[in-house]
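Notes follow the structure.
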């Protein structure tokens, strides 16, 4: 229910796990307790059962981000350091070594890209990068 928020928080450098829909509320709480996790939820009952949590009423991810940022601070050194898909820390890779793995135009424009060694996804400053930066700056996050 907060998948879009999870992706944006990962872009901002937060270590964010997303609970599988197959998990019960009790299993989610037990996982949070055993790993000392802070819970983000739109489930009011779940929030009341686990107090290190934040309850979101809005369905709008922009409002959710604003609410989150009213409590937590972004470390600008961590922005763009996590995979938006799987949350794994990203690594720098030389594009010269990636022939066939990324588009040729990317290899020509960039000497390095970011790579997720867990899921194999590559990231670079493509067309959407400026929009992401503009959105984050609109939230008061300097990059």
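Note on the stretch 73-90: residues that are in contact (Cβ under 8 Å) with a residue 12 or more places away in the chain, in a loop (DSSP other than H, G, I, E, B) and loosely packed, with under 13 Cβ neighbours inside 10 Å total 1. If you filter the stretch 18-38 down to residues that are exposed (fewer than 13 other Cβ atoms within 10 Å of the Cβ) and either touching a residue at least 24 places away in the same chain (Cβ under 8 Å) or in a helix (DSSP H, G or I) (or both), you find that the one that is farthest from the chain's Cα centre (by Cα) is 26. Looking only at residues in the stretch 122-143 that are in contact (Cβ under 8 Å) with a residue 24 or more places away in the chain and in a helix (DSSP H, G or I), the one that is surrounded by the fewest Cβ atoms within 10 Å (Cβ to Cβ) is 132. Filtering the stretch 48-71 to residues that are surrounded by 13 or more Cβ atoms within 10 Å (Cβ to Cβ) and touching a strand residue (DSSP E or B) at 6+ places or on another chain (Cβ under 9 Å) leaves 50, 53, 54, 55, 56, 64, 67, 68. Collect the residues in the stretch 5-17 that are assigned to a helix (DSSP H, G or I), closer than 19 Å to residue 47 by Cβ and touching a helix residue (DSSP H, G or I) at 6+ places or on another chain (Cβ under 9 Å), keeping them in residue-number order. Correct list: 5, 9. Within the stretch 96-105, if we keep just the residues that are outside any strand (DSSP E or B) and in contact with a helix residue (DSSP H, G or I) (Cβ under 8 Å, 6 or more places away or on another chain), the residue that is surrounded by the most Cβ atoms within 10 Å (Cβ to Cβ) turns out to be 98. For residue 93, the criteria (1) more than 17 Å from the chain's Cα centre (by Cα); (2) part of a helix (DSSP H, G or I) hold in every case but one, which is (2).
If you check 92, 87, 77 for being closer than 30 Å to residue 129 by Cβ and touching a helix residue (DSSP H, G or I) at 6+ places or on another chain (Cβ under 7 Å), only one passes: 87.
Among the numbered conditions (1) farther than 25 Å from residue 142 by Cα; (2) in a helix (DSSP H, G or I); (3) modelled with pLDDT of 95 or more, the only one that residue 59 does not meet is (2). Among residues of the stretch 107-121 being touching a helix residue (DSSP H, G or I) at 6+ places or on another chain (Cβ under 8 Å) and closer than 21 Å to residue 86 by Cβ, the one that is surrounded by the most Cβ atoms within 10 Å (Cβ to Cβ) is 113.
The values are calculated or read from the model by the stated rules, or taken from the named source; none is laboratory data. Just so it is clear, the structure is predicted and the values come from calculations on it, not from any experiment. Cβ: placed from backbone, ideal geometry, glycine included. Neighbour counts: every protein chain shown.
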